[in-house]
Amino acid sequence: QVQLVESGGGLVQTGGSLILSCASSGSIFSIVAMGWYRQAPGKQRELIARITNGGTTNYADSVKGRFTISRDNAKNTVYLQMNSLKPEDTGVYYCNAAVRAITYWGKGTLVTVSS
């Protein structure tokens, strides 16, 4: 079992920045990759950024150059640095951990970008 707790969401103006954090606990040694997903109002949840145990990262085209995923292994925490935020970045951001065929989710943190 892996437990994930997101934090750092909030209200920000267009062009602003936020840092989201995802603290993991439990069987974290079994995690092979972690990611951030976003669910905008009325839309499906989508992958925003992902980082593997080897440090390989990938991003959705919509956030490339603006968002950066990173991790602090000592703190068992993954971060999402979000810059140049746009209203279309609004949504609930979920942390995800992949453990072979099992996926764990946090409860999400709301990000609202005002125009």
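The values are calculated or read from the model by the stated rules, or taken from the named source; none is laboratory data. Remember, predicted model here, so these are calculated numbers, not experimental data. We place every Cβ from the backbone using ideal geometry, glycine too, and count neighbours over all the protein chains shown. To get the accessible areas, we keep the full protein, side chains included, count just its heavy atoms, and leave off ligands, DNA and RNA. Shrake-Rupley method; radii C 1.70, N 1.55, O 1.52, S 1.80 Å.
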Meets criteria (modelled with pLDDT under 95, out of contact with any Gly (no Cβ under 8 Å at 6 or more places or on another chain) and among the basic types (Lys, Arg)) for Lys75: yes
Some residue of the range 54-74 being at negative phi, open to solvent by less than 60 Å² (accessible area, probe 1.4 Å) and of a type in the set (Lys, Arg): yes
Selected residue [more than 28 Å from Thr14 (Cβ to Cβ), of a type outside the set (Lys, Arg) and in contact (Cβ under 8 Å) with a residue 12 or more places away in the chain] from Ile31, Ile51, Ile102, Ile69: Ile31
Near pairs, Cβ below 8 angstrom, 6+ apart or cross-chain, from the range 1-28 (under 14 Å from Ala98 (Cβ atoms)) to any residue that is of a type in the set (Asp, Glu) and modelled with pLDDT of 95 or more: Cys22/Glu6
Segments classed as strands (runs of 3 or more DSSP E), wholly inside the range 1-85, with at least 1 members that are among the β-branched types (Val, Ile, Thr) and over 15 Å from the mean Cα position of the chain (by Cα): 2-7, 10-13
